[in-house]
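Okay, so here's the structure we're looking at.
The values are calculated or read from the model by the stated rules, or taken from the named source; none is laboratory data. Because the structure is predicted, anything quoted here is derived from the model rather than measured. In this analysis, Cβ positions are derived from the backbone assuming ideal geometry, glycine residues included, and neighbour counts consider all displayed protein chains.
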Amino acid sequence: MSEKQIRVISRLDIKAPNLIKGIRLEGLRVMGDPQQFACDYYQQGVDEILYMDVVASLYERSSLHDVIRHAVEKVFIPITVGGGIRSLQNATEILSLGADKIAINTAAVKQPQLIAQIARQVGSQAVVLSVECKREQQGWQVYTDNGREKTGLDVLEWIAQAQKLGIGEVLLTSVDREGTRKGFDIELLQAVSDCVSLPIIASGGFGELQHASAAAAVPNVTALAIADGLHYRRFTVAQIKQQLHSDGFAVRM
Amino acid sequence: MIQVIDTRTNNLSNVLRALSACQYQYQVISGASELRTGSVVVLPGVGAFASCMASLQDTGLTSALKAHLACGGKLLGICVGMQAMAKFSTEFGQHSGLAIVDAQVEHIAATTEQKVITPNVNWLPLQVNSKRFAHFAGSYVYFVHSFHMCHFRQPEVVAASVKYGDQNLCAIVEQGNVIGFQFHPEKSGAVGLEILAHSLHLLQNMQTVPLSHTA
């Protein structure tokens, strides 16, 4: 058995044309030009870039096309794009621009068969289910529209259903922890890990180096999505990977 | 001459950008009649095995590619483009491949007893068996796949592998005038571009000997 591999993903929330950052997905603050941040992270050795168009499903449009077009010219690592993907055509458009995976949340909740339809066409490996989770008294509820809308769906039941429909990965965002620097919601990650065979990307709450290893220790967590910690230059990609490495995980240096 | 087959999969543009970044000129082709004698043909692919094969079949490239190789042409396959070289795949039923490499394609979970996370979406370090890729031993490259090439009749064609759980997954196939990558060199950062350029260089400078055997 080899050491477990962990990817470090930089998550760039976009309100076109800017990179923004909020707390619990709210109170958005403009950080700057997403292209500069993406190139910087690529140079630093980040393993993947995740773009999320945070207003797309609200206004029913995707404004990320130009951002992707620029990124793929210079960034030769996997790119995942989420926000505003409402149809098979939206998905194939984004992939044909050079993105490797699409992340889908709101439209999948409204129309679960869309997951199967997209996966059949482009392959499961290109379909990431984005799940925005808020803690309830018991379990977690799925939210859409960037944490604004309740769905009434239980996170574990929803992910189990989506796994059958053909997703390739789960991006699990704890809305409660997002932007708070209080650490990932480990109980949430563990609960989802127990009921899937899929890789999980942990998102929301990274604030200290040891938070990375705590999430990485959950069996199906194979990647960490980090926004705040990188955007505010509180940590470098190398520091995060170094910590993971010294805690016994394998990382690409 | 580098000719890239348009199999209507979504990573074509990424492969083309990577070729440009490596300073290679290329031509995109979509039919058997466009194949040029002795050229290096690049076969990219993502998604399902069957749709990749159907695309080759529709354009007459299934038989034309074999004839191309028999006349000393070269082939570089990426991801499903490499898997297409096998005899068959069991992805969504059993589908025939080009049968250039005597191997088959199976689900990662089907070839291990252990609980395994699939798809394999990871950067993994290469364990290199071939002298021609020795320079890349330990290099991390990016994988995203649920099926892998296995049951090789001639295990020596596995030029590099990676460890995944308790399995060794084939990462690079090298057989005569054919090279295949299970990973995505076009998405593996600077080292990925180096491996791509190195492999094209190897193929271009190879003596155009006809393929000694087919599976």
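Quick rundown of the values:
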read-out: Single residue of region A:8-24 satisfying the filter (surrounded by fewer than 24 Cβ atoms within 10 Å (Cβ to Cβ) and of a type in the set (K, R)) that is nearest to A:L171 (Cα to Cα); value: A:R24
read-out: Counted residues, region A:89-122 - those being surrounded by fewer than 24 Cβ atoms within 10 Å (Cβ to Cβ) and hydroxyl-bearing (S, T, Y); value: 2
read-out: Subset of region A:162-194 [farther than 20 Å from A:R24 by Cα and not in a loop (DSSP other than H, G, I, E, B)]; value: A:A162, A:Q163, A:K164, A:L165, A:E169, A:Q190, A:A191, A:V192, A:S193
read-out: Selected residue (criterion: surrounded by the fewest Cβ atoms within 10 Å (Cβ to Cβ)) from residues of region A:208-236 that are within 12 Å of chain B (Cβ to nearest Cβ) and farther than 21 Å from B:L126 by Cα; value: A:P219
read-out: Cross-chain or 6+ apart pairs with Cβ under 6 Å, region B:11-24 first and within 7 Å of another protein chain (Cβ to nearest Cβ), then outside any helix (DSSP H, G or I) and crowded, with 17+ Cβ neighbours inside 10 Å; value: B:S13/A:G98; B:N14/A:G98
read-out: Residue list for region A:106-163, restricted to those being at positive phi and within 14 Å of another protein chain (Cβ to nearest Cβ); value: A:G123
read-out: Residue identified as farther than 26 Å from B:I195 by Cα, among the basic types (K, R) and in contact (Cβ under 8 Å) with a residue 60 or more places away in the chain among A:K21, A:K101, A:K110, A:K4; value: A:K21
read-out: Selection status of B:G38, over 16 Å from the mean Cα position of the chain (by Cα) and either free of Cβ contacts under 8 Å to residues at least 40 places away in the same chain or within 11 Å of another protein chain (Cβ to nearest Cβ) (or both); value: no
read-out: Flag if A:E157 is acidic (D, E) and within 15 Å of A:R7 (Cα to Cα); value: no
read-out: Within region B:1-92, helices (runs of 4 or more DSSP H) holding 3 or more residues that are over 21 Å from A:R69 (Cα atoms); value: B:49-58, B:61-70, B:80-83
read-out: Region B:178-197, subset under 21 Å from A:K101 (Cβ atoms) and among the small types (G, A, S), residue farthest from the chain's Cα centre (by Cα); value: B:G189
read-out: Region A:237-253, residues that are in a helix (DSSP H, G or I) and surrounded by fewer than 18 Cβ atoms within 10 Å (Cβ to Cβ); value: A:A238, A:Q239, A:Q242, A:H245, A:S246
read-out: Top-ranked residue in region A:128-165 [being touching a helix residue (DSSP H, G or I) at 6+ places or on another chain (Cβ under 7 Å) and of a type in the set (S, T, Y); ranked as surrounded by the most Cβ atoms within 10 Å (Cβ to Cβ)]; value: A:T144
read-out: Which numbered condition B:S89 fails, given (1) modelled with pLDDT of 95 or more; (2) within 14 Å of another protein chain (Cβ to nearest Cβ); (3) under 20 Å from B:S188 (Cβ atoms); value: (3)
read-out: So B:E174, is it within 13 Å of the chain's Cα centre (by Cα), of a type in the set (D, E) and either within 12 Å of chain A (Cβ to nearest Cβ) or at positive phi (or both); value: no
read-out: Verdict on B:A190 being within 14 Å of another protein chain (Cβ to nearest Cβ), in a helix (DSSP H, G or I) and farther than 21 Å from A:I77 by Cβ; value: no
read-out: A:Y42 away from chain B (no Cβ under 13 Å) and surrounded by 15 or more Cβ atoms within 10 Å (Cβ to Cβ); value: no
read-out: Residue identified as within 14 Å of chain B (Cβ to nearest Cβ) and closer than 23 Å to A:L12 by Cβ among A:L88, A:L172, A:L189; value: A:L189
read-out: Sole exception among (1) assigned to a loop (DSSP other than H, G, I, E, B); (2) free of Cβ contacts under 8 Å to residues at least 40 places away in the same chain; (3) touching an Asp or Glu at 6+ places or on another chain (Cβ under 9 Å) for B:A159, by number; value: (1)
read-out: B:V15 vs. criteria at pLDDT below 95 and either within 22 Å of A:V72 (Cβ to Cβ) or touching a Ser or Thr at 6+ places or on another chain (Cβ under 7 Å) (or both); value: no
read-out: Tally of residues being among the hydrophobic types (A, V, I, L, M, F, W, C) and within 14 Å of chain B (Cβ to nearest Cβ) across region A:4-26; value: 3
read-out: Subset of region A:152-161 [assigned to a strand (DSSP E or B) and either within 14 Å of A:I104 (Cβ to Cβ) or among the acidic types (D, E) (or both)]; value: A:D154
